[in-house]
Structure formats: structure tokens, C-alpha cells
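Working notes for the structure below.
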Amino acid sequence: MTSRAAALRHLKRADPHFHKATKAHHSSLPEQLIGKRTSAALFESLVSTVISQQLGLAAANSIFTRVKKACGNRLTPELVLKIRSSGLRKAGLSGAKIKTLKSIASAVKDKSVKLLSLKDIPEADAAEQLMRIWGLGPWSVEMFLMFALGRPDVFSPGDLGLVRAMEAIYSLPKGSSREALVSIAKKWSPHRTYASLLLWRTRDPR
């Protein structure tokens, strides 16, 4: 299991500038990256990730609570498939997000995607499986891999917070290319998740 200590040792060796620039936040990192332990918890996390797309935290949490209530305070693939789209729309979901949630529920129910098994295969393979589901794009998949599965080597070059933090740390011009960001992040592998957490903390230490 990847540890904070191992990640920080690697970052100090591989990218001393990054290590120094983020030093104030090192102690705030979790000691271990621990993923959800059940398929039910992973399903709920994936639903939450989809709901949070392009929303602030407060709005996302409010809609998630309403969606869960509409499903009888339980989020399972069967209940998400059973509830009418109109009920999810009343809870605050767009048509696209409703279609995505029902596509996820269908894939999990028929076992075309086994969420727990994604913990044991390479990040790229896990991402590929998830992105076969309608409506799941790179950002949602990367957030799920980081925060629900606890995968250690994930970087999201499309996340604006990460982009802005990297521009500040490396004095990059605004609008730096995806390729440039990915190239820098390669130095952090196999600890890109910890590096991403540090980048977010430079933007918001909470």
C-alpha cells in the first residue's frame, strides 16, 4: 500500500522544486490512500462523483442528498434503475446526468463493470472500463480512481484546480497544454495521487 512517507521521499528525489513548493502541506496528507471496501460504497461514490460534475461542493452535496432521498435513502443500482427520470429531475439532475446514472446502474447490475475488481488492475485498465459507460469522461473517472478506489498514481490534467496550481508552482503561462502538464506529472509517478492532493492544498488548505 502506498504511504505518505514513500510518496514524499519520491517527490523530494524526483522533483525537488515541487517538494519544496508544497512543503507546508506535507503533514496534511493522509498517511495511507485507502479506498472504499464494498461494491455498495463504490457505487454510491460513483453516483456522487457524477452529480458533482461542474458544480460547487455545496450544490453537489444538496443534490446528492435529494437524489438519495428520492431513492428511499438508499443508493443501489436496482433503485436507481427503478426510479423514474422525472423523480431524479425534480431532485436537481440534468437529463445527461440522469442518463449517466442509469447507465452506471445498468453496468453494475449486469456485472459488465465490477467496481471492486477495479482496485486490483492497472489504473489505465480501470479507467478504460469505466469510460465505456455512457457519460463517464476522464475527469469523473480520475476523481473516482483517486477518492473512491484510493489508486496511488492518478493525475487529472483537465481539473482546473490542478492546472492553476501547477501554473503557479512552475510559473507556467495560463492555458498551458495538456501535454506539458502530463509531462511534468510523469516525474511524480507512481505517486501522482499524492502530488495531486498537494496541488489542491496549495489552492485550498482546508
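The values are calculated or read from the model by the stated rules, or taken from the named source; none is laboratory data. Bear in mind the structure is a predicted one, so any value in this text is a computation, not a measurement. No Cβ is skipped: glycine too gets one built from the backbone with ideal geometry, and neighbour counts run over all protein chains shown.
Every residue in the stretch 33-42 that is surrounded by 12 or more Cβ atoms within 10 Å (Cβ to Cβ) and either closer than 17 Å to Ala5 by Cβ or not hydrophobic (A, V, I, L, M, F, W, C) (or both), please.
To start, the set of residues in the stretch 33-42 that are surrounded by 12 or more Cβ atoms within 10 Å (Cβ to Cβ) comprises 33, 35-36, 39-42.
Answer for the stretch 33-42, where residues must be surrounded by 12 or more Cβ atoms within 10 Å (Cβ to Cβ) and either closer than 17 Å to Ala5 by Cβ or not hydrophobic (A, V, I, L, M, F, W, C) (or both): Leu33, Gly35, Lys36, Ser39.
Is at least one residue of the stretch 150-159 surrounded by fewer than 18 Cβ atoms within 10 Å (Cβ to Cβ), in contact with a Phe, Trp or Tyr (Cβ under 8 Å, 6 or more places away or on another chain), among the small types (Gly, Ala, Ser) and touching a residue at least 40 places away in the same chain (Cβ under 8 Å)?
Looking through the stretch 150-159, none of the residues is surrounded by fewer than 18 Cβ atoms within 10 Å (Cβ to Cβ), in contact with a Phe, Trp or Tyr (Cβ under 8 Å, 6 or more places away or on another chain), among the small types (Gly, Ala, Ser) and touching a residue at least 40 places away in the same chain (Cβ under 8 Å).
I want to confirm something. Restricting to the stretch 117-144 and keeping residues that are in contact (Cβ under 8 Å) with a residue 40 or more places away in the chain and closer than 17 Å to Ser196 by Cα, which single residue is surrounded by the fewest Cβ atoms within 10 Å (Cβ to Cβ)?
Trp139
Among the residues of the stretch 1-30, what is the count of those that are modelled with pLDDT of 95 or more and either closer than 11 Å to Trp188 by Cα or of a type in the set (D, E, K, R) (or both)?
14
I want to confirm something. Restricting to the stretch 1-42 and keeping residues that are part of a helix (DSSP H, G or I) and of a type in the set (Ser, Thr, Tyr), which single residue is farthest from Met143 (Cα to Cα)? Reasoning before the result, please.
Let us first name the residues in the stretch 1-42 that are part of a helix (DSSP H, G or I), namely 4-14, 16-21, 23-28, 39-42.
Checking which are of a type in the set (Ser, Thr, Tyr) leaves us with 27-28, 39.
Values: Ser27: 22, Ser28: 19, Ser39: 17 Å.
Across the stretch 1-42, the extreme among qualifying residues is Ser27.
Of everything in the stretch 132-143, what is over 22 Å from Lys187 (Cα atoms) and in contact with a helix residue (DSSP H, G or I) (Cβ under 7 Å, 6 or more places away or on another chain)? Give them in sequence order.
Going through the stretch 132-143, the residues over 22 Å from Lys187 (Cα atoms) turn out to be 132-137, 140.
Answer for the stretch 132-143, where residues must be over 22 Å from Lys187 (Cα atoms) and in contact with a helix residue (DSSP H, G or I) (Cβ under 7 Å, 6 or more places away or on another chain): Ile133, Trp134, Gly135, Leu136, Ser140.
Criterion first (farther than 30 Å from Ser183 by Cα and of a type in the set (D, E, K, R)) does Lys82 satisfy it? Give the steps one after another, and end with the answer.
Numbers: farther than 30 Å from Ser183 by Cα: yes; of a type in the set (D, E, K, R): yes.
So Lys82 passes the test.
Determine if the stretch 192-206 includes at least one residue that is touching a His at 6+ places or on another chain (Cβ under 6 Å), touching a residue at least 60 places away in the same chain (Cβ under 8 Å) and assigned to a helix (DSSP H, G or I). Give the steps one after another, and end with the answer.
Initially, the stretch 192-206 is screened for residues touching a His at 6+ places or on another chain (Cβ under 6 Å), giving 198, 201.
Now narrow it down to the ones that are touching a residue at least 60 places away in the same chain (Cβ under 8 Å): 198, 201.
From the residues that got through so far, the ones that are assigned to a helix (DSSP H, G or I) too are 198, 201.
Checking the stretch 192-206: at least one residue is touching a His at 6+ places or on another chain (Cβ under 6 Å), touching a residue at least 60 places away in the same chain (Cβ under 8 Å) and assigned to a helix (DSSP H, G or I).
Which residue is nearest to Leu115 (Cα to Cα), if the candidates are limited to the stretch 62-80 and must be surrounded by fewer than 15 Cβ atoms within 10 Å (Cβ to Cβ) and of a type outside the set (S, T, N, Q)?
At the first step, the residues of the stretch 62-80 found to be surrounded by fewer than 15 Cβ atoms within 10 Å (Cβ to Cβ) are 65, 69, 72-74, 78.
If we keep only those that are of a type outside the set (S, T, N, Q) too, we end up with 69, 72, 74, 78.
On the way: Lys69: 23, Gly72: 23, Arg74: 18, Glu78: 15 Å.
For the stretch 62-80, the residue satisfying everything is Glu78.
Are any of the residues in the stretch 147-156 among the hydroxyl-bearing types (Ser, Thr, Tyr) and either under 24 Å from Ser106 (Cβ atoms) or assigned to a helix (DSSP H, G or I) (or both)?
Applying the first criterion (among the hydroxyl-bearing types (Ser, Thr, Tyr)) to the stretch 147-156 yields 156.
Checking the rest, the ones that are also either under 24 Å from Ser106 (Cβ atoms) or assigned to a helix (DSSP H, G or I) (or both) come to none.
The answer is no; no qualifying residue exists.
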